[in-house]
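K.L.:
Here's a structure for you.
The values are calculated or read from the model by the stated rules, or taken from the named source; none is laboratory data. Since the structure is predicted, the reported quantities are computational estimates derived from the model, not experimental observations. Here the Cβ positions follow ideal geometry from the backbone for every residue, glycine too, while neighbour counts run over all protein chains shown.
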Amino acid sequence: MLFNSIDFAIFLPIVFIIYWYLNSKKLYIQNLFVLIASYIFYGWWDWRFLSLIIFSTIVDFYVGKKLKLEENKTKRKILLLTSVLINLGFLGFFKYYNFFVDNFVAAFSFFGHEINPNSLNIVLPVGISFYTFQTLSYTIDVYKKNLKPTDNFIAFSAFVSFFPQLVAGPIERATNLLPQFYKKRSFDYQKAVDGLRQILWGLFKKIVIADNCALFANQIFNNSSDMNGSALILGAIFFTFQIYGDFSGYSDIAIGTSRLFGFDLMKNFAFPYFSRNIAEFWRRWHISLSTWFRDYVYIPLGGSRGNNFKKVRNTFIIFIVSGFWHGANWTFIIWGLLNAIYFLPLLLTKNNRNFLDIVAKDSRFPSLYEFTLMFLTFGLTVFAWIFFRAENVRHAFSYISGIFSKTLFDIPNILNIKSALVSIILIVLFIILEWLGRREEFAIAKIGLKWYRPVRYVFYYLMIFAIFWYGGKEQEFIYFQF
Amino acid sequence: MKLFIRRLFVFFVFPIIYIIINSIINYYYFQNIKVNIGTKNMLIAGDSHPKRAINPVYFKNAKNISQYAEPYVLTYWKLKEILKYNKFDTLLLGFSPHNISNFNDYKFYDPKWSGEMFKRSYPIEEFNKIDNQIEIDYKKYYNIIMRQFIFYPIKNHNNFIGSYSNSKKSSLDNLKGAVKRHYFWKNNTASISKISVSYLDSIINLCGRNKIKIILVSSPVHESYLNKIPLKILSKYKSLKNIYNNHIIIDQLKTQYPDTFYRNPDHLNKYGANKFSKYLYNTLNKKKDYN
C-alpha cells in the first residue's frame with residue numbers, strides 16, 4: 001500500500017494502537033505483531049511475493065547462524081557467497097533478466113544474427129532492491145564479525161520486513177536496526193510528536209511538491225519533441241524536484257512512522273540540493289544507499305587508497321553499479337557514469353572531503369561564493385537527471401539537443417502555464433522552508449516550536465490543507481518498484 | 001501516551017469542525033441545485049467538437065453547454081437535469097465517429113478522464129444504471145465528492161454546464177496522438193461503444209418526449225485524421241445516420257477547410273468555427289422542417 005493512500009491512513013492508527021497496547025506484553029509478542037503488520041503491509045500489493053521475502057529471510061537467518069559456528073575461512077566464504085548469490089540472484093532475475101536478454105539480442109542482431117528468445121513478463125516485486133541489500137548487510141557484517149548473528153528468528157524477520165522502510169528505504173544496517181528489536185520499546189511522547197511532524201513534512205513533499213512537479217515533468221518529457229528549449233529546461237527542473245520530493249518525502253514518512261513505534265532509522269537525505277560540490281551531494285543524497293555501496297563495494301575494492309588508476313577504477317565501478325541499481329536501462333548507467341565524471345576531479349585533487357558541514361551553518365544566507373557553488377552543483381545534477389528520467393538514451397540526447405536550440409529563451413510552450421507558475425511558487429516556498437530548517441533532521445523539525453501553539457497549529461493545518469488539496473490522485477512513488 | 005492521544009484529539013478537533021461545517025453548507029447547496037439556462041431556446045451539447053466548432057453568437061438565443069471529453073452518458077444526465085427547471089426547443093448535438101468509439105467507456109475509470117468526469121457528474125450521476133456495462137472507479141469518485149464538500153463552501157455545484165471556447169492557434173502536428181486517443185485502446189483498435197450508442201438513442205428519445213427538435217451535427221475534421229478513422233467505426237456511424245434519418249443530420253465530417261482553420265487535426269479553431277457556425281445557421285434556416 002502507498003503511504004499517501006486511504007488504506008495506509010486506516011492501517012497506521014490501527015497498528016499503532018494495537019502495538020502500544022501490546023507493549024505491556026512480552027517483547028516477542030510486540031516483535032511478532034510488527035512482523036505480521038509488515039507482512040500485511042507488503043502483501044497488500046501482491047501476497048504472492050511474500051514468499052520471496054520470507055525465503056530471503058530464512059536463508060540469511062540460517063547463514064548467520066552457520067557463520068556463528070563456522071571458523072573455517074573457506075566455508076565462511078561459501079556461506080557468505082550463498083547469501084549473496086541468492087539475494088542478488090533474485091534481484092538480478094526480477095529486475096534485470098529482460099534487460100540482459102534484450103541487449104543480448106541487440107548485440108547478436110548487430111552482427112547479423114537474429115535470435116528470438118522469450119522476454120518474460122516479469123513483475124518487479126516491490127522493494128526488492130531495498131530489502132535484499134538490507135539482508136545482505138546483515139550477512140556481510142556477520143561474516144566480517146562486525147555483528148553477532150541473532151538466534152531470534154522473529155526479531156530478525158521483523159528487521160528484514162519492517163514495514164515503514166520495507167519498500168523504499170532507508171536501507172537500514174543490521175548494526176543499527178536489529179538491536180532495536182532486542183529491547184522493548186517504550187512510548188516516548190517527544191519522539192512520537194517528532195515522528196508525526198516528519199510524516200506531515202514527508203506527505204507535503206510527496207503530494208504537494210513531487211506530484212505537482214510530476215504533472216509537468218511528465219507532460220514535458222513525454223512530448224519533448226514538441227517542446228521548446230525553455231520548456232525542456234523547466235521539465236528537467238520539475239523532475240529534479242519531483243524525484244527529491246518523492247524519494248525524500250517517502251523517507252521522511254518512513255522515518256517518522258518508525259519514530260511513532262519507538263524505532264530510530266538512519267537519515268537518508270540531508271538537504272542535497274544545497275550541496276557545494278558533487279562529493280557533498282553524494283554525502284547528502286540517498287545516504288543509506290551510497291554508504292552501503294561505500295562500505296560493501298568501494299572500500300573492499302580499495303576505496304580511494306592506492307594509485308590513481310585504482311581510484312578511477314573504483315569510482316567508476318561504484319557509480320555505474322549505483323546507476324544500474326536504479327533500473328535496468330542504459331540511461332541509469334549513463335547517469336551513474338556522469339556522476340563518476342563529476343566526482344573524479346574532486347577525488348583526484350583531494351577535494352572530495354570539503355564542505356562536511358551544512359552550507360552557511362553559522363549565518364543566515366550563503367556567501368556569493370557558496371551560492372555560486374550551489375548553483376553550479378545544482379545545474380550538474382539537473383543535467384544528469386535528464387538521463388535518469390528519459391525513456392532511453394536516444395530520448396535523453398534528443399532532449400538535451402532540444403534544450404540547446406534557438407528556442408532556449410522563448411516562453412515555455414507548455415499547457416497550463418498558470419498552473420506551472422503556481423507549482424514554481426510552491427517550489428520556491430519549499431526551498432525557503434528547506435533552507436530555514438537545513439541544520440535540523442528535516443526542514444520543519446524545529447520550525448514553529450517557539451511559536452504559540454495555536455499559531456503552530458495553523459501552520460500545520462495549512463500544510464494538511466495543501467496535502468488534501470493536491471492529493472486525490474495516488475501517483476506511485478518513483479522508487480516503488482525498485 | 002494519554003497526553004499524546006489527547007493532544008492529537010485536540011489538534012484534529014478544529015479541522016474536523018471546519019470539515020463538518022463546510023459539508024453541511026455544501027450539502028445544502030447541493031440539494032438545492034437549480035440549473036438556469038436563461039431564456040435560451042437552443043442548446044448546443046456534446047464534447048470538444050461542438051464546444052470548439054459551434055459559436056452560439058451566430059444563432060438566436062443559443063447556449064453552448066458542451067464540455068471537453070464529454071461522453072453521451074453525461075450529456076444525457078445533463079439534459080435530464082436541465083429539463084427539470086428549463087424549457088428549450090432545439091438541441092444541436094455533436095455526433096461524430098469518435099463519439100461511438102469505446103474509448104468513451106473508460107472515461108469513468110481511466111485516470112486521464114475519471115477525475116474530471118466525476119467532478120462534473122456527481123450531482124446528476126446514475127451510475128447504478130451503467131456500472132454493469134462499464135468500469136467505474138468508485139474510489140476516485142468518492143474522493144472527488146469528498147474534495148467538493150470539505151474544503152470550502154461551493155455555491156454552484158453544477159460543473160456540468162460548459163461553454164463555447166476556442167482560439168486562433170493552428171497546428172496539425174499531433175495527428176498520431178488524436179487518432180490513438182480516439183480509436184486505439186491499449187494498442188488495440190477500439191470497437192463500438194454500446195453504451196454510447198444506447199445513450200445517443202436515449203438523448204434522442206428524451207428530446208422526443210419533451211418536444212425538442214434534435215439536430216445531429218458533425219464538424220469538419222482534417223483529412224489526415226479522417227483517413228485514419230477505422231472502417232468499423234465509420235460504418236457504424238453511417239448506419240446510425242440511416243437509423244436517425246428522420247431527424248436533421250448535418251454531416252460535415254468530410255468537408256475540408258484550409259489548414260489554417262483547424263486548431264488541430266480533429267478540431268476547428270476560431271476561424272474554422274466562425275465559418276462552420278455560419279454555415280450551420282444558414283443551412284438550418286433553409287431547412288423547412290427546422291422552421
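K.L.:
Considering (1) in a loop (DSSP other than H, G, I, E, B); (2) more than 19 Å from A:Ala254 (Cβ to Cβ), say which one A:Trp45 fails and leave the rest.
P.N.:
(2)
K.L.:
Moving to a separate point now. Out of the stretch B:237-262, which residues are part of a helix (DSSP H, G or I) and surrounded by fewer than 17 Cβ atoms within 10 Å (Cβ to Cβ)?
P.N.:
Initially, the stretch B:237-262 is screened for residues part of a helix (DSSP H, G or I), giving B:237-243, B:259-261.
Listed by number, the residues that qualify are B:Lys238, B:Ser239, B:Lys241, B:Asn242, B:Ile243, B:Asp259, B:Thr260.
K.L.:
While we're on this one: Kindly evaluate A:Gln165 against the criterion of being away from every other protein chain (no Cβ under 14 Å), closer than 18 Å to A:Ile128 by Cβ and touching a residue at least 60 places away in the same chain (Cβ under 8 Å). Talk me through it step by step, then tell me what you get.
P.N.:
Details: away from every other protein chain (no Cβ under 14 Å): yes; closer than 18 Å to A:Ile128 by Cβ: yes; touching a residue at least 60 places away in the same chain (Cβ under 8 Å): yes.
Yes, satisfied.
K.L.:
Here's something else I'd like to know. Return the only residue of B:Ala53, B:Ala69 being surrounded by fewer than 20 Cβ atoms within 10 Å (Cβ to Cβ), in contact with a Phe, Trp or Tyr (Cβ under 9 Å, 6 or more places away or on another chain) and away from chain A (no Cβ under 14 Å). Outline the logic, then answer.
P.N.:
Values: B:Ala53 fails: surrounded by fewer than 20 Cβ atoms within 10 Å (Cβ to Cβ).
Of the residues listed, the single one that is surrounded by fewer than 20 Cβ atoms within 10 Å (Cβ to Cβ), in contact with a Phe, Trp or Tyr (Cβ under 9 Å, 6 or more places away or on another chain) and away from chain A (no Cβ under 14 Å) is B:Ala69.
K.L.:
Taking the stretch B:77-93 as the region of interest, how many residues are touching a Gly at 6+ places or on another chain (Cβ under 7 Å) and charged (D, E, K, R)?
P.N.:
Taking the stretch B:77-93 and keeping what is touching a Gly at 6+ places or on another chain (Cβ under 7 Å), we get B:93.
Now narrow it down to the ones that are charged (D, E, K, R): none.
Residues meeting the conditions: 0.
Every residue, every condition in (1) closer than 14 Å to A:Ser288 by Cα; (2) within 18 Å of the chain's Cα centre (by Cα), yes or no:
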{"position": "A:Thr135", "(1), (2)": "yes, yes"}
{"position": "A:Val142", "(1), (2)": "no, no"}
{"position": "A:Asn146", "(1), (2)": "no, no"}
{"position": "A:Ser157", "(1), (2)": "no, no"}
{"position": "A:Phe162", "(1), (2)": "no, yes"}
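K.L.:
Considering only residues of the stretch A:293-325 that are assigned to a helix (DSSP H, G or I) and among the aliphatic types (A, V, I, L, M), which is surrounded by the most Cβ atoms within 10 Å (Cβ to Cβ)?
P.N.:
A:Ile318
K.L.:
Do you know which residues across the stretch B:121-140 are in a loop (DSSP other than H, G, I, E, B) and more than 14 Å from every other protein chain (Cβ to nearest Cβ)?
P.N.:
Correct list: B:Pro123, B:Ile124, B:Glu125, B:Glu126, B:Ile130, B:Asp131, B:Asn132, B:Gln133, B:Ile134, B:Glu135, B:Ile136.
K.L.:
Where in the stretch A:48-160 are there helices (runs of 4 or more DSSP H), lying wholly inside it, with at least 1 residues that are without any contact (Cβ under 8 Å) to a residue 12 or more places away in the chain and within 24 Å of A:Phe263 (Cβ to Cβ)?
P.N.:
Numbers: elements: A:50-69, A:73-91, A:97-110, A:128-143.
Ranges flagged: A:50-69.
K.L.:
Next question, about the same structure. In the stretch B:2-54, which residues are of a type in the set (Lys, Arg) and under 30 Å from A:Ile14 (Cα atoms)?
P.N.:
B:Lys2, B:Arg6, B:Arg7, listed by residue number.
K.L.:
Considering only residues that are in a helix (DSSP H, G or I) and touching a Lys or Arg at 6+ places or on another chain (Cβ under 9 Å), look in the stretch B:203-236 and name the one that is surrounded by the fewest Cβ atoms within 10 Å (Cβ to Cβ).
P.N.:
Across the stretch B:203-236, the extreme among qualifying residues is B:Glu223.
K.L.:
Suppose we keep only residues that are surrounded by fewer than 15 Cβ atoms within 10 Å (Cβ to Cβ) and hydroxyl-bearing (Ser, Thr, Tyr) within the stretch B:4-28. Which one would you say is farthest from the other protein chains (Cβ to nearest Cβ)?
P.N.:
B:Tyr28
K.L.:
Taking B:Asn156 as meeting all but one of (1) away from chain A (no Cβ under 14 Å); (2) in a helix (DSSP H, G or I); (3) surrounded by fewer than 16 Cβ atoms within 10 Å (Cβ to Cβ), write down the number of the exception.
P.N.:
All conditions pass for B:Asn156, except number (2).
K.L.:
Looking at A:Ser251, A:Ser258, can you tell me which residue is assigned to a helix (DSSP H, G or I), touching a helix residue (DSSP H, G or I) at 6+ places or on another chain (Cβ under 6 Å), closer than 19 Å to A:Gln134 by Cα and among the small types (Gly, Ala, Ser)?
P.N.:
Values: A:Ser251 fails: touching a helix residue (DSSP H, G or I) at 6+ places or on another chain (Cβ under 6 Å).
Going through A:Ser251, A:Ser258 in turn, the sole match is A:Ser258.
K.L.:
Which of (1) touching a Gly at 6+ places or on another chain (Cβ under 8 Å); (2) more than 20 Å from B:Ala178 (Cα to Cα); (3) at pLDDT 95 or above does B:Leu74 not meet, given it meets every other one?
P.N.:
B:Leu74 satisfies all of (1) touching a Gly at 6+ places or on another chain (Cβ under 8 Å); (2) more than 20 Å from B:Ala178 (Cα to Cα); (3) at pLDDT 95 or above except (1).
K.L.:
Would you list the helices (runs of 4 or more DSSP H) that sit entirely within the stretch B:1-86 and hold 3 or more residues that are over 20 Å from B:Ile215 (Cα atoms) and of a type in the set (D, E, K, R)?
P.N.:
B:2-31
K.L.:
Does B:Ser171 meet the test of being within 14 Å of chain A (Cβ to nearest Cβ) and either surrounded by fewer than 15 Cβ atoms within 10 Å (Cβ to Cβ) or without any contact (Cβ under 8 Å) to a residue 24 or more places away in the chain (or both)?
P.N.:
In short, yes.
K.L.:
Hey, another quick one. Just to confirm my filter: which helices (runs of 4 or more DSSP H) fall fully inside the stretch A:393-479 and include at least 3 residues that are at pLDDT 90 or above and more than 14 Å from chain B (Cβ to nearest Cβ)?
P.N.:
Values: elements: A:393-403, A:417-436, A:453-470.
Filter on the stretch A:393-479 gives A:393-403, A:417-436.
K.L.:
Additional query: Kindly list the number of the only condition in (1) farther than 24 Å from A:Pro164 by Cβ; (2) modelled with pLDDT of 95 or more that fails for A:Gln242.
P.N.:
Looking at each condition in turn, A:Gln242 falls short on (1).
K.L.:
Which of the numbered conditions does B:Ile144 fail, given that it passes all the others? Conditions: (1) under 23 Å from B:Thr255 (Cα atoms); (2) within 14 Å of chain A (Cβ to nearest Cβ).
P.N.:
(1)
K.L.:
Please work out which residue is nearest to A:Tyr96 (Cα to Cα), limiting yourself to the stretch A:341-354 and to residues that are surrounded by 20 or more Cβ atoms within 10 Å (Cβ to Cβ) and not hydroxyl-bearing (Ser, Thr, Tyr).
P.N.:
A:Phe343
K.L.:
Return yes or no: is B:Ile161 buried (at least 16 other Cβ atoms within 10 Å of the Cβ), in contact (Cβ under 8 Å) with a residue 24 or more places away in the chain, touching a Gly at 6+ places or on another chain (Cβ under 9 Å) and of a type in the set (A, V, I, L, M)?
P.N.:
It is false that B:Ile161 is buried (at least 16 other Cβ atoms within 10 Å of the Cβ), in contact (Cβ under 8 Å) with a residue 24 or more places away in the chain, touching a Gly at 6+ places or on another chain (Cβ under 9 Å) and of a type in the set (A, V, I, L, M).
K.L.:
Among the residues of the stretch B:174-197, count how many are in a helix (DSSP H, G or I), of a type outside the set (D, E, K, R) and surrounded by 15 or more Cβ atoms within 10 Å (Cβ to Cβ).
P.N.:
Residues in the stretch B:174-197 being in a helix (DSSP H, G or I), of a type outside the set (D, E, K, R) and surrounded by 15 or more Cβ atoms within 10 Å (Cβ to Cβ): 8 in total.
K.L.:
Would you check if B:Asn104 is away from chain A (no Cβ under 14 Å) and either without any contact (Cβ under 8 Å) to a residue 40 or more places away in the chain or not in a loop (DSSP other than H, G, I, E, B) (or both)?
P.N.:
Here the answer is yes, as B:Asn104 does meet what is asked.
K.L.:
Output the residues belonging to the stretch A:189-243 that are under 21 Å from A:Glu440 (Cβ atoms), within 13 Å of chain B (Cβ to nearest Cβ) and in contact (Cβ under 8 Å) with a residue 24 or more places away in the chain.
P.N.:
Those that are under 21 Å from A:Glu440 (Cβ atoms), within 13 Å of chain B (Cβ to nearest Cβ) and in contact (Cβ under 8 Å) with a residue 24 or more places away in the chain: A:Lys191, A:Ala192, A:Asp194, A:Gly195, A:Leu196, A:Arg197, A:Ile199, A:Leu200.
K.L.:
Taking the stated definitions as given, is B:Tyr58 within 14 Å of another protein chain (Cβ to nearest Cβ), touching a residue at least 12 places away in the same chain (Cβ under 8 Å) and within 23 Å of the chain's Cα centre (by Cα)?
P.N.:
no
K.L.:
Considering every residue within the stretch B:113-126, establish whether at least one is at positive phi and of a type in the set (Gly, Ala, Ser).
P.N.:
no
K.L.:
Another question, if that's okay. For the stretch A:222-247, enumerate the residues that are in a helix (DSSP H, G or I) and more than 22 Å from the chain's Cα centre (by Cα).
P.N.:
If the condition is that a residue be in a helix (DSSP H, G or I) and more than 22 Å from the chain's Cα centre (by Cα), then A:Asn222, A:Ser224, A:Ser225, A:Asp226, A:Gly229, A:Ser230, A:Ala231, A:Leu232, A:Ile233, A:Leu234 are the ones that fit.
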